[in-house]
Every structure is written in C-alpha cells, then in structure tokens.
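Enquirer: Handing you this structure, nothing more for now.
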C-alpha cells in the first residue's frame, strides 16, 4: 500500500525532470571579440559526458552540438560551455541524458547594452600601434647619435667654421681690388 504513493512520487519526479527548464544557471561573459555562455548548475546525472547536447539561438537554429558546430561562428563548444564570435541575446542548451532526463537551459544577455562598451574597449586596444613606439625610439636614437657626433667633432667643426668666417655674401672668392694688382 505504501509503495503506490512512492511510485507516484517517482513518476512525478521523472516527469518534472523531463523537459524541465533550469533558470539562473547561465553566466554570459562578453569579451571584445567573443561571447561565452557557461552553464554553472549542471544537473546531477551519471556520466554527463555521454549526454547529447545542442546549443541553439532564439529561432532554434542549431549553433553546435556534441557532433558538430558552425565553424564561422563557434570558437569552442562543450556540454556546459559555448564560445561564439558574436553576442546573441538568447541561447538555449538542450541536454538529453536519455533515461535520466531532458534538460533545457536558457541564457539571456542584453547585447545591445554591452555593445558600446565593447566597441570602446576595441578602440582602445586597436589605437595602441607598436609602430608609433618604434618610430619614436628611432628618432630619439638618431638625435642622440647626432648630438654625440657634434660633441665629438666640435673642435673640427669650429675650426672649419672659423676658416670660412672671412666669407661675405655675394663674394665668391678672395677680394681683390684694382689697386692690389
């Protein structure tokens, strides 16, 4: 007699688990060039690695599953993580563990609110051009070499300048007058 209520509870438990939706267990991390969806509270099933999984977008288009992925979009996939090259507001993970149940996880992200912030981060990293630093270093080195050479040969330079100090503009050579001839 007492077995009937226990069986009913067991059937109700299995029925509730099959097709159950797990909420508040998806963490979305938006990076500069990718978005990661990570399920933090996986169901307690034996051999989770043997479950079949499918990651899909809001229109139920499959992004990745345990057999394949969209290579132009999906960087990395696993039973609990999806990393893609863009941000999606809504993704779904369907996890089929056969006799242990079918589980659905929903991931929400306000991509449009995060987009301006991510674009600003991208601009900050893109504007730091290493060629600017290389050019500045080369100019500084050239100026230092020029200063060293001027300092090293300052006596020779001053002697040459003094020998040409008799030069007057408009006169190409030594001045000679008719009286000197």
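The values are calculated or read from the model by the stated rules, or taken from the named source; none is laboratory data. If you're wondering where the values come from, they're calculated on a predicted model, not measured in any experiment. Every residue, glycine as well, gets a Cβ built from its backbone with ideal geometry; the counts of neighbours run over all protein chains shown.
Enquirer: Could you run through segment 63-79 and say how many residues are outside any loop (DSSP other than H, G, I, E, B) and loosely packed, with under 14 Cβ neighbours inside 10 Å? Can you show your working first?
Expert: First, the residues of segment 63-79 that are outside any loop (DSSP other than H, G, I, E, B): 63-65, 69, 74-77.
Applying the additional criterion that residues be loosely packed, with under 14 Cβ neighbours inside 10 Å yields 76.
Of the residues in that region, 1 qualify.
Enquirer: Moving to a separate point now. Within segment 80-100, track down each residue that is under 13 Å from residue 50 (Cβ atoms) and touching a residue at least 40 places away in the same chain (Cβ under 8 Å).
Expert: 95, 96, 97, 98, 100 - these are the residues of segment 80-100 that are under 13 Å from residue 50 (Cβ atoms) and touching a residue at least 40 places away in the same chain (Cβ under 8 Å).
Enquirer: Inspect segment 167-178 for any residue being assigned to a helix (DSSP H, G or I) and either at pLDDT 70 or above or surrounded by 13 or more Cβ atoms within 10 Å (Cβ to Cβ) (or both) and give the result as yes or no.
Expert: Scanning segment 167-178 turns up no residue that is assigned to a helix (DSSP H, G or I) and either at pLDDT 70 or above or surrounded by 13 or more Cβ atoms within 10 Å (Cβ to Cβ) (or both).
Matching residues to (1) modelled with pLDDT of 85 or more; (2) not in a strand (DSSP E or B):
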position	(1), (2)
107	yes, no
118	no, yes
123	no, yes
147	yes, yes
151	yes, yes
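Enquirer: Looking at (1) at pLDDT 90 or above; (2) under 30 Å from residue 56 (Cβ atoms), which is the one condition that is false for residue 111?
Expert: (1)
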